[in-house]
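Data block below; observations after.
The values are calculated or read from the model by the stated rules, or taken from the named source; none is laboratory data. For clarity, every value in this text was computed on a predicted model and none was experimentally measured. Because the Cβ atoms are built from the backbone with ideal geometry, glycine has one as well, and the counts that use them run over all protein chains shown.
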């Protein structure tokens, strides 16, 4: 039986090389570098051959042994040398760990989504802190999917507003009412509705 490496224990199955491991405030901090083959352009699928630059990105993964785990990952940005592709550069992604514009892998986001569904924002954030799981209030709420708008509500052309509340003003208690379009904008009713006459200005 071979010896297990730090990569096999902390980040198994990923094309990474762990360079440094430290403990900060009871949590684990890992410095790693992507060591997989050059990726392909996400737009034209042309394989990369040249490196534009390297930079660091931070990814928060699931806790390990009751400790939070944050990976400071060194990734490469490649040139896209395909002449007809509009994308000039792109960043490599480590499958199973990184995604574009994401600070957590899919497994960690699934755990955050479960917490957000049950507890919401601030209570969920307090639970994530106890579990050593990355999950700020805004991040948790961002995991929730907004419900789709029913077709009848989208096509009715009406909007509901709170009586006594105007944009930019303070909210006051009141009921909701539906505002229909003005008579001048009514179409398809087979009649011409004259516009509302204007009163002359007072002298």
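Hey, does the range 122-140 have a residue that's within 24 Å of residue 17 (Cβ to Cβ) and under 21 Å from the mean Cα position of the chain (by Cα)?
Yes, the range 122-140 contains at least one residue that is within 24 Å of residue 17 (Cβ to Cβ) and under 21 Å from the mean Cα position of the chain (by Cα).
Which residue, of 28, 21, is under 26 Å from residue 138 (Cβ atoms) and either over 19 Å from the mean Cα position of the chain (by Cα) or touching a residue at least 60 places away in the same chain (Cβ under 8 Å) (or both)?
Exactly one residue qualifies, and that residue is 28.
Against the definition (assigned to a strand (DSSP E or B) and farther than 23 Å from residue 134 by Cα), how does residue 76 come out, yes or no?
For residue 76, the condition - assigned to a strand (DSSP E or B) and farther than 23 Å from residue 134 by Cα - is met.
Modelled with pLDDT of 90 or more and in contact with a helix residue (DSSP H, G or I) (Cβ under 9 Å, 6 or more places away or on another chain): is that true of residue 63 in this structure?
So residue 63 passes the test.
When you go through (1) more than 21 Å from the chain's Cα centre (by Cα); (2) within 28 Å of residue 23 (Cβ to Cβ) one by one for residue 49, which number turns out not to apply?
(2)
Looking only at residues in the range 79-110 that are touching a residue at least 60 places away in the same chain (Cβ under 8 Å) and either in a strand (DSSP E or B) or out of contact with any strand residue (DSSP E or B) (no Cβ under 8 Å at 6 or more places or on another chain) (or both), which one is farthest from residue 127 (Cα to Cα)?
Result: 95.
Give me a count of the residues in the range 13-26 that are outside any loop (DSSP other than H, G, I, E, B) and either in contact with a helix residue (DSSP H, G or I) (Cβ under 9 Å, 6 or more places away or on another chain) or surrounded by 16 or more Cβ atoms within 10 Å (Cβ to Cβ) (or both).
4
Within the bounds of the range 37-44, is there any residue that is part of a strand (DSSP E or B), in contact with a helix residue (DSSP H, G or I) (Cβ under 8 Å, 6 or more places away or on another chain), surrounded by 13 or more Cβ atoms within 10 Å (Cβ to Cβ) and in the same structural domain as residue 75 (by TED's automatic domain parsing)?
Scanning the range 37-44, I find no residue that is part of a strand (DSSP E or B), in contact with a helix residue (DSSP H, G or I) (Cβ under 8 Å, 6 or more places away or on another chain), surrounded by 13 or more Cβ atoms within 10 Å (Cβ to Cβ) and in the same structural domain as residue 75 (by TED's automatic domain parsing), so the answer is no.
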